[in-house]
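The values are calculated or read from the model by the stated rules, or taken from the named source; none is laboratory data. Because the structure is a prediction, the values reported are computed rather than measured. No Cβ is skipped: glycine too gets one built from the backbone with ideal geometry, and neighbour counts run over all protein chains shown.
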Number of protein chains: 2
Amino acid sequence: MDLSQCSINTITVRSLGLSALIDQALARGVSAVAPWRDLLATLGIDEAAQLLRGSGLRISSLCRGGLFTAADEAGRRAAIDDNRRAIDEAHAIRADCLVLVCGPLVGKDLAGSRTMVRDGILEVLPHALAARVTLGIEPLHPMMVADRSVITTLGEANDLVDLIASPNVGVVVDAYHVWWDPDLDEQLRRASGRILGFHVSDWVVPIHGQLSSRGMMGDGCIDLPALARSVRSAGYAGPVEIEILSDHWWSQPPELVLDIALDRFATCV
Amino acid sequence: MDLSQCSINTITVRSLGLSALIDQALARGVSAVAPWRDLLATLGIDEAAQLLRGSGLRISSLCRGGLFTAADEAGRRAAIDDNRRAIDEAHAIRADCLVLVCGPLVGKDLAGSRTMVRDGILEVLPHALAARVTLGIEPLHPMMVADRSVITTLGEANDLVDLIASPNVGVVVDAYHVWWDPDLDEQLRRASGRILGFHVSDWVVPIHGQLSSRGMMGDGCIDLPALARSVRSAGYAGPVEIEILSDHWWSQPPELVLDIALDRFATCV
């Protein structure tokens with residue numbers, strides 16, 4: 001099985017620690033991993049960076065920065081500070097990009113919240129440029145606008161990238177978040193050259209909440225092979241991250257989850 | 001309280017029968033109601049039509065036609081036949097429009113499913129024209145694409161209306177489905193003159209599924225007053241339907257639900 005383009009996002013098998021995940025990736029011929037920051041914090045960033053850099057694995061992304069929206073100035077300042085730390089961590093582990101989950105709605109002001117996101121990215125951008133870290137704006141599914149991200153479509157993410165106009169800012173495409181979008185093919189073409197990551201899982205029904213209802217590739221209704229072709233046609237040639245937030249799969253033994261996920265990866269991506 | 005622009009969708013207080021809902025609407029000064037078809041079927045369409053027409057209430061819509069997508073030709077034919085019956089029922093009760101919930105994804109073919117929707121509307125349109133029934137394409141929230149509707153944005157609905165180009169086809173705007181859309185204001189302007197209905201509820205978190213997590217107006221994070229202004233600026237001057245599909249509110253006494261809903265209507269719409 002060719003897994004040279006495959007990356008495992010740590011959240012998919014979150015009960016594995018970083019060290020065990022690295023071992024699994026190496027043993028299975030997976031070329032990359034993508035850690036969440038909480039996992040780095042558990043070890044301490046220095047030890048985590050040493051482990052990751054010593055593994056020889058590619059780090060397809062660090063998840064996550066963003067969350068720029070806040071009800072007051074103190075909250076916004078705290079988010080900026082945290083994003084600078086996330087940029088430092090992305091630099092320390094040599095991540096291909098820092099994923100930005102841009103932040104939820106504040107109050108009932110969608111336009112204002114979206115402006116906070118733009119301003120937040122602009123404010124941390126000099127730090128990212130100095131650290132040579134690229135920032136990947138990931139649009140999240142519209143059902144997450146109240147909880148996680150006011151950036152809901154690839155079109156919005158592209159608009160932000162256009163506005164910010166920095167070689168260090170691009171987009172991250174996650175199948176679960178964008179697959180439904182009637183404008184997706186056009187926006188993928190528009191994103192050509194600025195796609196910093198591609199994440200896969202599947203949409204299974206019924207969903208039982210916004211966050212952890214994702215399905216295993218092939219179990220749901222996303223045409224992943226077609227989407228993968230479109231993403232590659234837009235010039236993306238990097239790793240494809242398996243990122244499954246799922247109460248069901250979290251309840252299974254992580255080695256079994258990896259068995260299935262990598263098998264599906266071969267047929268679905 | 002001025003409820004001259006208020007309509008109660010029967011699903012909001014589904015434990016009331018049609019007759020009791022009509023009594024409640026008349027007693028409370030509500031000007032319109034909007035029945036679901038199952039409620040008409042319970043009484044029989046002739047008796048239901050007699051009740052509704054005898055009440056003097058406006059019928060802001062009949063919910064619902066659509067569901068044009070199907071895995072095979074027999075399924076598609078059955079949907080066409082059912083839509084013709086729905087059009088006849090909308091005519092019988094003098095509904096302002098028949099709401100089209102356009103149908104879920106078939107297999108993994110979004111584009112093909114969307115084409116089925118277009119073809120289905122075109123096929124039933126002559127019957128609607130003959131019955132002088134208008135068809136309201138209602139985009140549903142993108143989290144419902146696998147279960148209910150491949151038409152997910154007002155932009156898509158507008159595209160369909162443009163393509164079909166009939167005075168008997170327009171759009172229905174439901175706050176719950178469209179509020180998140182960064183393109184909403186532009187698409188409302190584009191929908192000017194073709195908005196056939198406006199439905200309200202609210203987005204509360206956490207959602208616990210696609211269908212029945214809707215909130216009472218004012219309990220969630222939708223800026224309903226601003227949205228109502230935008231809809232009215234686009235020329236819509238008809239009734240505003242209270243349509244709350246909610247396990248929580250369904251578990252409450254319907255008279256209490258109406259007390260609260262009408263009170264909120266006055267401040268939120």
task = Looking only at segment B:145-153, decide whether some residue is in a helix (DSSP H, G or I) and either away from chain A (no Cβ under 14 Å) or not aromatic (Phe, Trp, Tyr) (or both).
result = no
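Each row is one residue, and each column tells you yes or no for (1) part of a strand (DSSP E or B); (2) surrounded by fewer than 19 Cβ atoms within 10 Å (Cβ to Cβ); (3) at the interface with another protein chain (Cβ under 8 Å from one of its Cβ atoms).
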position: B:206; (1), (2), (3): no, yes, yes
position: B:210; (1), (2), (3): no, no, yes
position: B:231; (1), (2), (3): no, no, no
position: B:237; (1), (2), (3): no, yes, no
position: B:248; (1), (2), (3): no, yes, no
position: B:252; (1), (2), (3): no, yes, no
query = Taking into account only those residues within segment B:72-122 that are of a type in the set (Val, Ile, Thr) and under 26 Å from residue A:206 (Cα atoms), which is surrounded by the most Cβ atoms within 10 Å (Cβ to Cβ)?
reply = B:99
task = Would you mention how many residues in segment A:64-121 are away from every other protein chain (no Cβ under 14 Å), basic (Lys, Arg) and assigned to a loop (DSSP other than H, G, I, E, B)?
result = 1
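The rows are residues; the columns are (1) surrounded by fewer than 17 Cβ atoms within 10 Å (Cβ to Cβ); (2) more than 20 Å from residue A:136 (Cα to Cα); (3) modelled with pLDDT under 95.
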{"residue": "A:167", "(1), (2), (3)": "yes, no, no"}
{"residue": "A:170", "(1), (2), (3)": "no, no, no"}
{"residue": "A:174", "(1), (2), (3)": "no, no, no"}
{"residue": "A:177", "(1), (2), (3)": "no, no, no"}
{"residue": "A:180", "(1), (2), (3)": "no, yes, no"}
{"residue": "A:188", "(1), (2), (3)": "no, no, no"}
{"residue": "A:193", "(1), (2), (3)": "yes, no, no"}
{"residue": "A:202", "(1), (2), (3)": "no, yes, no"}
query = Taking the stated definitions as given, is residue A:135 among the hydrophobic types (A, V, I, L, M, F, W, C), more than 9 Å from chain B (Cβ to nearest Cβ), within 22 Å of residue A:226 (Cα to Cα) and surrounded by 23 or more Cβ atoms within 10 Å (Cβ to Cβ)?
reply = no
key: Given (1) of a type outside the set (Ser, Thr, Tyr); (2) within 26 Å of residue B:32 (Cβ to Cβ); (3) assigned to a helix (DSSP H, G or I), number of the condition residue B:173 does not satisfy   = (3)
message = Give all pairs with beta carbons closer than 9 Å in which a residue from segment B:35-50 that is over 22 Å from residue B:245 (Cβ atoms) meets a residue that is modelled with pLDDT of 95 or more and of a type in the set (Asp, Glu); count only pairs at least 6 apart in sequence or on separate chains.
response = B:45/B:88; B:45/B:89; B:49/B:89
query = Do we find that residue A:162 is more than 10 Å from chain B (Cβ to nearest Cβ), over 13 Å from the mean Cα position of the chain (by Cα) and either in a loop (DSSP other than H, G, I, E, B) or not polar (S, T, N, Q) (or both) in this structure?
reply = yes
inquiry  = Pull out all pairs, ordered by first then second residue, where Cβ-Cβ is under 6 Å, the residues are six or more apart or on different chains, the first lies in segment B:173-191 and is at the interface with another protein chain (Cβ under 9 Å from one of its Cβ atoms), and the second is basic (Lys, Arg) and buried (at least 19 other Cβ atoms within 10 Å of the Cβ).
reply    = none
query = Going by the structure shown, is residue B:184 touching a strand residue (DSSP E or B) at 6+ places or on another chain (Cβ under 8 Å) and either buried (at least 21 other Cβ atoms within 10 Å of the Cβ) or more than 23 Å from residue B:13 (Cα to Cα) (or both)?
reply = no
query = In segment A:1-17, which residue that is assigned to a loop (DSSP other than H, G, I, E, B) and touching a residue at least 40 places away in the same chain (Cβ under 8 Å) is surrounded by the fewest Cβ atoms within 10 Å (Cβ to Cβ)?
reply = A:2
